[in-house]
Amino acid sequence: MQEKERKGMKRKDDHPKTVCEASDELIRKAAADGVSTVFERAEAMKPCSIGAEGSCCKNCSMGPCRLPSSGKLKENGEKRRVGICGATIETVAARNFVRMIAGGASAHSDHGRGIAEVFLAAAKGEIPGYEIKDTQKLFELAMDFGIDIDEFDTREIGIKVGELSLSEWGRQEGELVMARRAPLRRQEVWRKQNVFPRGIDREIVETMHRTHMGVDQDYKNLITQGTRTAIADGWGGSMLATELQDILFGTPVPVRGSFNLGVLKEEEVNIIIHGHEPLLSEMVVVAAQDPELVALASSYGAKGITIAGICCTANEVLMRHGIPIAGNFLQQELAIATGVVDAMIVDVQCIMQSIFDVAQCYHTNIITTSPKGKIAGAKSMRFDEHNALESAKGIVRAAVDNYPNRLGGAKIPNKRCEGIAGFSHETIDYMLGGMFRASYRPLNDNIINGRIRGIAGVVGCNNVRTSHDWGHITLIKELIKNDVLVLTTGCAAIACGKEGLLLPETAASHAGSGLAEVCEAVGIPPVLHMGSCVDNSRILMAASAVVKEGGLGDDICDVPLAGAAPEWMSEKAVSIGHYFVASGIYTIFGRSFPTAGSDVVTAHLFRELEEELGGMWDVARDPGEMAEKMIAHIDRKRKALGIDRARERVLYDMSMRRELEAG
Ligand code: BF8
């Protein structure tokens with residue numbers, strides 16, 4: 001990479017708060033309105049340097065114990081410092097790291113459990129409004145559970161799948177069923193390393209036990225339990241959430257959608273759905289079309305009802321219904337600052353408490369709907385899955401009734417972009433191979449012949465400590481320019497949508513010639529939107545499908561593949577990253593790494609894990625360095641497979657070829 005180009009990818013100290021123009025407009029509006037946003041609070045509150053490096057232990061009340069890194073200790077003339085109980089910096093860093101995995105795995109998996117409960121009730125016909133939509137996928141999941149699908153009718157199969165799925169959370173012994181979807185070689189690795197998860201809840205609880213004061217005090221042993229817990233998330237709770245959602249609501253197929261705050265409409269009732277679980281948002285989408293509610297909106301002078309999403313709920317309803325996306329994580333407050341959001345309906349995860357304070361400055365109703373996630377002062381309207389549609393109608397009615405309370409001074413940025421979403425791994429299969437010969441063969445062949453250099457999963461959050469969206473967009477543009485096909489989910493996917501990277505025409509304008517050629521032939525964008533954060537399990541399935549197709553090694557760790565979360569923020573991102581690593585994928589975080597305070601633990605995660613699991617962690621200061629490291633890893637894997645020279649042949653012109661042949 002040229003030095004000039006690299007400079008544009010380095011973070012400057014005076015980095016802008018966001019590279020999203022719509023967000024920038026609203027950050028200024030909020031400031032002018034006297035409203036505090038996350039951007040302003042981040043400037044006022046500097047992060048604790050010891051906590052950020054994972055070296056602060058507050059697991060008992062003798063502390064908190066702050067253990068500076070060896071570099072910082074040297075500056076103070078100290079050699080070694082331990083906690084009051086004697087815990088070393090390695091123990092503290094590993095404990096904090098695996099607790100983050102447990103937190104993230106809990107969030108994904110408790111979401112999955114909620115879906116499994118509703119799924120079972122729907123299969124039994126107990127809850128009107130939910131039904132099994134994708135029977136093909138139901139049968140596939142039934143076979144994973146060893147159910148003979150010829151023996152039972154669809155209803156019986158649904159009930160059995162629901163019961164067996166739910167039992168995966170409480171499984172005490174044996175192996176998690178879904179993890180057997182991994183390539184056989186991967187499963188052998190997990191057995192050899194003794195990290196094959198038992199039940200989902202069991203691994204999370206054991207992690208919390210082991211990290212209690214005075215239990216597991218061997219950092220390697222702690223990381224091993226973290227690995228087991230992360231696999232239980234990716235190949236368990238998250239994968240079951242994705243599969244059961246697809247069966248209930250339909251497996252996504254490519255759909256065109258709109259991205260950014262410009263999707264809001266001044267003359268309509270605007271309802272934002274924000275959070276993660278599609279149980280609620282699916283019903284809100286239906287309720288908003290109810291003629292009675294549309295008539296109510298019209299009686300207030302509104303021209304209609306617009307639903308738009310924020311965060312992962314947005315990805316879910318975009319993929320299945322084409323509902324527009326208003327923005328990603330750092331845009332939740334800004335959406336309210338437009339002054340046209342009549343209600344923000346939230347359920348769980350990634351919901352900032354500050355939205356209630358911001359809403360106080362406008363007219364927006366913040367409506368919490370889950371007993372698991374309330375906000376002090378906000379309106380709570382419990383969403384009852386057993387009476388789903390009526391429940392959703394009541395919530396939508398409250399939003400519509402708030403339309404006449406608008407305060408004026410509205411501002412909707414004139415920014416929106418189109419994009420294609422909904423690339424489930426089944427869709428990729430179909431798009432590449434066609435309906436009658438659905439197959440990953442064309443993908444594998446194009447990786448082998450070098451048109452596609454490799455695959456990258458770019459996922460995860462926004463983080464106010466770096467320019468909003470900058471990490472995602474800069475990294476992804478660099479990857480596709482270098483012929484790396486990008487799979488994306490979560491807030492990264494939304495950033496791509498806002499930047500126009502999810503359009504097929506992006507291949508011609510931004511991708512390298514090899515990748516562009518494949519995308520144009522198949523009719524796909526070079527960046528494939530695969531859904532929400534629980535849908536990172538789709539990336540695991542796609543990686544497994546590539547291995548099973550053949551020609552690119554026997555295990556996921558053989559494939560020219562890398563993962564990244566350039567703007568990571570949440571515990572869920574740590575769990576996702578670690579199950580990528582545990583699945584054999586080189587995975588890189590942007591800006592900071594949560595064990596940075598301990599050189600020993602970090603070296604274990606960055607280097608030694610490769611020996612055990614085939615995958616390992618890394619960190620990069622900026623997206624330029626991140627792209628370089630990911631491409632170098634992909635090239636190493638190509639070399640190991642013996643397909644590095646094949647790639648060179650594709651890119652060489654005739655005179656270079658002649659020279660080669662002569663040599
Ligand atoms: O689960 S990417 S900020 S919204 S945690 Fe949250 Fe991160 Fe966004 Fe979805 Ni995922």
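The values are calculated or read from the model by the stated rules, or taken from the named source; none is laboratory data. Fair warning: this is a prediction, and the values are worked out from it, not measured in the lab. Neighbour counts are summed over all protein chains in view; Cβ atoms, including those assigned to glycine, are modelled from backbone coordinates with ideal geometry. Please note that ligands, DNA and RNA were not included when accessible areas were found on the heavy atoms of the full protein model with its side chains. Shrake-Rupley method; radii C 1.70, N 1.55, O 1.52, S 1.80 Å.
Some notes on this structure:
- Residue count for the range 494-518, restricted to those that are within 14 Å of the ligand (Cβ to nearest atom) and closer than 10 Å to Ile476 by Cβ: 2
- Subset of the range 368-427 [part of a loop (DSSP other than H, G, I, E, B) and of a type in the set (Gly, Ala, Ser)]: Ala376, Gly377, Ala378, Gly408, Gly409, Ala410, Gly422, Ser424
- Search result, residues across the range 486-502 that are touching a strand residue (DSSP E or B) at 6+ places or on another chain (Cβ under 6 Å) and either under 16 Å from Gly422 (Cβ atoms) or outside any loop (DSSP other than H, G, I, E, B) (or both): Val486, Leu487, Thr488, Ala492, Ala493, Ile494, Cys496, Gly497, Lys498, Leu501, Leu502
- Taken over the range 595-608, the criterion of being buried (at least 24 other Cβ atoms within 10 Å of the Cβ) and not polar (S, T, N, Q) is satisfied by Gly597, Val601, Leu605.
- Considering residues of the range 451-464 that are away from the ligand (no atom under 12 Å from the Cβ) and farther than 24 Å from Tyr579 by Cα only, the residue least open to solvent (accessible area, probe 1.4 Å): Ile452
- Residue match in the range 432-450 (condition: aromatic (Phe, Trp, Tyr), open to solvent by 20 Å² or more (accessible area, probe 1.4 Å) and without any contact (Cβ under 8 Å) to a residue 40 or more places away in the chain): yes
- Residues that are of a type in the set (Asp, Glu) and within 16 Å of the ligand (Cβ to nearest atom), drawn from the range 555-599: Glu567, Glu571
- When residues in the range 519-534 are screened for being within 30 Å of Glu277 (Cα to Cα) and either part of a loop (DSSP other than H, G, I, E, B) or within 16 Å of the ligand (Cβ to nearest atom) (or both), 10 of them pass.
- Restricting the range 163-193 to residues that are part of a loop (DSSP other than H, G, I, E, B) and touching a Leu at 6+ places or on another chain (Cβ under 8 Å), the residue that is most open to solvent (accessible area, probe 1.4 Å): Gln193
- Residues satisfying the stated conditions in the range 465-482, i.e. assigned to a loop (DSSP other than H, G, I, E, B), open to solvent by 10 Å² or more (accessible area, probe 1.4 Å) and of a type outside the set (S, T, N, Q): Arg465
- Residue match in the range 102-110 (condition: more than 25 Å from Ala582 (Cα to Cα) and open to solvent by less than 10 Å² (accessible area, probe 1.4 Å)): no
- Evaluated against (1) under 27 Å from Arg80 (Cα atoms); (2) open to solvent by 10 Å² or more (accessible area, probe 1.4 Å), Trp617 falls short on exactly one condition, (2).
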